[in-house]
There are 2 protein chains.
Amino acid sequence: MSDLAAALDIVGARWALLIVERLLDGPQRYGDLQRDLGVPTNMLATRLRELEAAGVLFRLPLRHNTRAYALTDRGLALREAIVALGTWGKNDA
Amino acid sequence: MSDLAAALDIVGARWALLIVERLLDGPQRYGDLQRDLGVPTNMLATRLRELEAAGVLFRLPLRHNTRAYALTDRGLALREAIVALGTWGKNDA
DNA sequence: CGTGGCTACTTGCATTTTGCAAGCATGGTC
DNA sequence: GACCATGCTTGCAAAATGCAAGTAGCCACG
């Protein structure tokens, strides 16, 4: 399995990279991600579980029954790839 | 729609980036892609059609009833993003 | 203490995407 | 003109995704 295939195995699923991109701006709560991205709630829950299991992000407990999701170092390391893809997507001429 | 979402709309589908990565090494024929990637034949045909429509690659007629698939400039511009993702995927420690 | 509201999910089911296997078309070879 | 390689298409099963509704924990307020 190539390196690219290994990467896509983790962040290649739908919504995964968009979630990580959103978290590059700092920790976000579940509802924030849902509203900002327009992702279905069951998909969001699934992806957050998978990305946590893959060591890309972790749950950060806040007060009450709320928590935030934040990137690990491994998650932050995706910034370069995300920026590169975003730059490519910008030039759709 | 963010730039990243626009990019993923084109190359976010399963197998798409792997196909492009393979073509970074130069034009490839259908059967080569199929064997190298292990992608189901109907998916390969679908993706090649989509990527051609998106201006990422084009069909290059060879002799007989064979053709090759090659990247356009827009397709080649994905190299940076693919390398970045591959580098990330390599460090799965 | 109990009702109501907010947040973070889970669950059930329809729709879409993906995958497997088999078949078809075209062109060349002998 | 029988045979083979290449490049697909087609039919159907399995899996992923999406929508809508429901559940669970916590706290504020009366």
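Among chain B residues, the beta-carbon with the smallest distance to the axis carrying B onto A is reported, with distance in whole Å, as B:A84, 2. Counted by neighbouring Cβ atoms within 10 Å, the residues A:L37, B:L71, B:L76 run from fewest to most as B:L76, A:L37, B:L71.
Given +1 at the Cβ of Lys and Arg, -1 at the Cβ of Asp and Glu and no other charges, the dipole of chain A around its Cα centre is 420 debye to the nearest 20.
Just need the relative contact order of the stretch B:3-86 here, percent rounded to a whole number, with Cα pairs under 8 Å and 6+ apart. Once normalised by length, the contact order is 31 percent. With label points set 7 Å from Cα along Cα→Cβ, the inter-copy distances at B:G31 are 6.0 nm, sorted shortest first. Full extension of the chain between B:R35 and B:T87 yields a length gain of 16.3 nm, computed as 0.36 nm times the residue separation minus the alpha carbon distance.
Where the centre of each part is set by its Cα atoms, how far does the stretch B:62-93 sit from the stretch A:69-92, in angstrom? First find each Cα centre; the distance between them is then 18 Å. Placing a label point 7 Å from Cα along the Cα-to-Cβ direction at A:K90 gives distances to the equivalent points in the other copies of 2.6 nm, listed shortest first. Simple rule: put +1 on each Lys or Arg Cβ and -1 on each Asp or Glu Cβ in chain B, find the dipole, and look at B:G26, B:A6, B:V83; the Cα lying farthest toward the positive end is B:G26. Dividing the summed -39500 (n - 2.57) terms of all DSSP H runs of n ≥ 4 by the residue count of chain B sets its mean residue ellipticity at 222 nm at -16500 deg cm²/dmol.
Taking trypsin sites (Lys or Arg not before Pro) across the stretch B:42-77, the ones in a DSSP loop with at most 13 further Cβ atoms lying within 10 angstrom of their Cβ are B:R63. Here is how far apart the B:H64 label points are across copies: 6.9 nm, shortest first, using a point 7 Å from Cα toward Cβ. Counting only Cα atoms, the stretch A:4-80 measures 40, 25, 20 Å along its principal axes, largest extent leading.
No lab work stands behind these numbers, since they all come straight from the coordinates. This one's a predicted model, so the numbers in the text were calculated from it and none came from an experiment. Cβ: placed from backbone, ideal geometry, glycine included. Neighbour counts: every protein chain shown.
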